[in-house]
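The values are calculated or read from the model by the stated rules, or taken from the named source; none is laboratory data. In this text the structure is predicted, and so the values were computed from the model without any measurement. Counting neighbours? That spans all protein chains shown, and the Cβs are built from the backbone with ideal geometry, glycine included.
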Amino acid sequence: MTSTVEAPPGSRVQLRLLAGSNDGRLDSHLAQHGRLPAFDTSQVIGMARDAGLTGRGGAGFPLWRKLSAVAAAGRPAVVIGNGAEGEPASGKDRALLTYAPNLVLDGLQLAASGTRSAVLYAPLGAHRALRELIDARRGAGLDRVPVRLVAAPDAFVAGEESAAAAAVAGRAAVPADKLVRITESGPGGAPMLVQNVETLAHLAMIARYGPGWFRAAGTPDEPGTFLATVSGAVAAPGVVEAGYGVALGDLVAAAGGATAPLRSVLVGGYHGGWVPADAALPVSRAALTPYGISPGAGVIVALPRTACGLLETARIAGCLADQVAGQCGPCVNGLPRLASTLSDLAHRRARPGLPAEVDRLARLVTGRGACRHPDGTARLVLSALRAFEADVAAHLAGRCLAEEGQR
Amino acid sequence: MNRLHVDWTACDGRGLCAELLPELLVEDEWGYPAPRGEMSVPPALEPAARQAVDRCPALALKLTRVSAGRAPGSS
Ligand SMILES: Cc1cc2nc3c(=O)[nH]c(=O)nc-3n(C[C@H](O)[C@H](O)[C@H](O)COP(=O)(O)O)c2cc1C
Ligand code: SF4
Ligand code: SF4
């Protein structure tokens, strides 16, 4: 799922990170963007703040605040570019590491400006090409801070911040307790900064074209573009880039358009939630808050009207329950129970109080793990109960609206 | 005010803390402590909370000071 989709004329889809030759080569990168200007740490922080750049790995936290926290720790930090992309429905980080890896490596240098240690955490399959590129850049004198490659295992939680930090410290890539923030003291003792690779690529663009340019895309409150991975019932599934606030319909159109009338759309991925298939709905934190979600890491899955949203959610919940890193009791016990209870509802094994039990379990697991995997899973399940309320009622009566082609 | 923090990677779920601190914690169906409401500890419950922390066999239960200037969190 690593194709870039050209913007159809007239749509609000806007290519920035993915504009240009996209061959991943250093010479084309330098021809297109030139060398990275030199900045010190406070300039990088100021630039990130003026641009309003937020994390693209899911949480949407302002970059400049994390940079400041690490700078305030007063000890050299390890800066980690997070390209793990454990989310099965996401392909944007892989696309970025394939088509525009130099932007990621530029951004990594910027974020590591005050330090001596930078790491790119990426799936092993990407290492060969990245290793060559890192060597070429070092040879060309581009990178002051040496970059180490660390393999990201193919597991959903391996990309979680503290799991990435653990992997970089030579431990198993599983999340850790958050009482001590890794920006203060990571698993090896040094402060650690984990940023999604897309966040770093945007930083590299801001360093060249300025915060004002960055803000020309998106909305005043949520500036810039983001990479979306659009899949499901669309003609050309792939990665698209657009400003925050882009209409959901424009993203779907950029992925070739819907192949069938849509029932609902999953926004924000497996930790996101279902929204109505409303082409005009803006994809922004502000517009999605009423649905209890955010754009997250930009995953968009179109569900055709012929599919049952409860069945699809039960399938995803089962997959998420299989991905628990067997550490935290409420997650290890609760997610499989939540998934199987939802599965009973999805498969019309009705019993009294079934939806209430799903709701109870979702609330029971929320906030009770070392990482937010249970929270994200619960969010998805609760959103399905809301979005597919009519289906829940039908299933309890032994019917399925998708099968009957109603609604 | 202090807050209770459970290190879920360490907690082995025998529910001792819920017995010692029933005002704040209740055992879930698997034996793990679940908050009744907020995890902040009112001054009157402070001694009981300290006892629960001291007696947690897995060293999983902690009391943390609620301070404003914490480093930013993320998901
Ligand atoms: C279960 C779970 C899995 C995650 N997987 C990833 C991932 O694969 N890549 C990523 O960049 N962030 C992932 N995150 C978010 C990270 O914890 C972290 O917020 C992010 O890497 C910070 O970078 P950003 O601020 O640039 O977005 C995950 C979070 C959770 C709870
Ligand atoms: S909350 Fe779940 S997924 Fe996260 S560390 Fe604990 S067991 Fe693993
Ligand atoms: S006493 Fe400690 S180990 Fe036992 S349930 Fe409470 S927190 Fe967990």
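Of all residues in region B:4-18, those being within 11 Å of another protein chain (Cβ to nearest Cβ) and either in contact with an Asp or Glu (Cβ under 8 Å, 6 or more places away or on another chain) or within 13 Å of ligand 2 (Cβ to nearest atom) (or both) number 8.
As a summary of the residue check, A:Arg305 satisfies the conditions (1) more than 14 Å from every other protein chain (Cβ to nearest Cβ); (2) in contact (Cβ under 8 Å) with a residue 24 or more places away in the chain; (3) under 22 Å from the mean Cα position of the chain (by Cα) except for the one numbered (3). Looking across A:Leu266, A:Leu227, one residue alone is within 16 Å of ligand 1 (Cβ to nearest atom), surrounded by 21 or more Cβ atoms within 10 Å (Cβ to Cβ), aliphatic (A, V, I, L, M) and within 15 Å of the chain's Cα centre (by Cα). It is A:Leu227.
Being within 12 Å of another protein chain (Cβ to nearest Cβ) and within 18 Å of the chain's Cα centre (by Cα) narrows it down to one of A:Glu184, A:Glu198, A:Glu160, so name that one. Don't jump to the end; show me each part of the working.
Numbers: A:Glu184 fails: within 18 Å of the chain's Cα centre (by Cα); A:Glu198 fails: within 12 Å of another protein chain (Cβ to nearest Cβ).
Residue meeting the stated conditions: A:Glu160.
Criterion applied to A:Gly249, A:Gly188, A:Gly272, A:Gly256 was being over 20 Å from A:Asn102 (Cα atoms) and assigned by TED's automatic domain parsing to the domain that holds A:Leu63, and the one residue passing it is A:Gly188.
For region A:353-407, filtering for residues that are touching a Pro at 6+ places or on another chain (Cβ under 6 Å) and buried (at least 24 other Cβ atoms within 10 Å of the Cβ) leaves 3.
Just checking, which of A:Arg116, A:Arg128, A:Arg65 is closer than 25 Å to A:Ala31 by Cβ, among the basic types (Lys, Arg) and surrounded by fewer than 19 Cβ atoms within 10 Å (Cβ to Cβ)? Within the list A:Arg116, A:Arg128, A:Arg65, the selection yields A:Arg128. Annotation note: of B:Ser67, B:Ser74, the sole residue that is at pLDDT below 95, more than 10 Å from ligand 3 (Cβ to nearest atom) and surrounded by 13 or more Cβ atoms within 10 Å (Cβ to Cβ) is B:Ser74.
Collect the residues in region B:3-52 that are within 18 Å of A:Gly367 (Cα to Cα), within 11 Å of ligand 3 (Cβ to nearest atom) and among the charged types (D, E, K, R), keeping them in residue-number order. Within region B:3-52, B:Asp7, B:Asp12, B:Glu27, B:Asp28 qualify.
Return yes or no: is A:Ala297 crowded, with 23+ Cβ neighbours inside 10 Å and either in contact with a strand residue (DSSP E or B) (Cβ under 7 Å, 6 or more places away or on another chain) or in the same structural domain as A:Ala236 (by TED's automatic domain parsing) (or both)? It is true that A:Ala297 is crowded, with 23+ Cβ neighbours inside 10 Å and either in contact with a strand residue (DSSP E or B) (Cβ under 7 Å, 6 or more places away or on another chain) or in the same structural domain as A:Ala236 (by TED's automatic domain parsing) (or both). Annotation note: Cβ proximity below 8 Å between a residue of region A:339-356 that is closer than 13 Å to A:Asp391 by Cβ and a residue that is not in a helix (DSSP H, G or I) (sequence gap 6+ or interchain) occurs for A:Ala346/A:Cys308; A:Arg348/A:Gly398; A:Arg348/A:Arg399; A:Arg348/A:Cys400; A:Ala350/A:Ala397; A:Ala350/A:Gly398. Would a scan of region A:338-349 turn up a residue that is surrounded by fewer than 22 Cβ atoms within 10 Å (Cβ to Cβ) and either within 16 Å of ligand 1 (Cβ to nearest atom) or at positive phi (or both)? For region A:338-349, residues surrounded by fewer than 22 Cβ atoms within 10 Å (Cβ to Cβ) and either within 16 Å of ligand 1 (Cβ to nearest atom) or at positive phi (or both): present.
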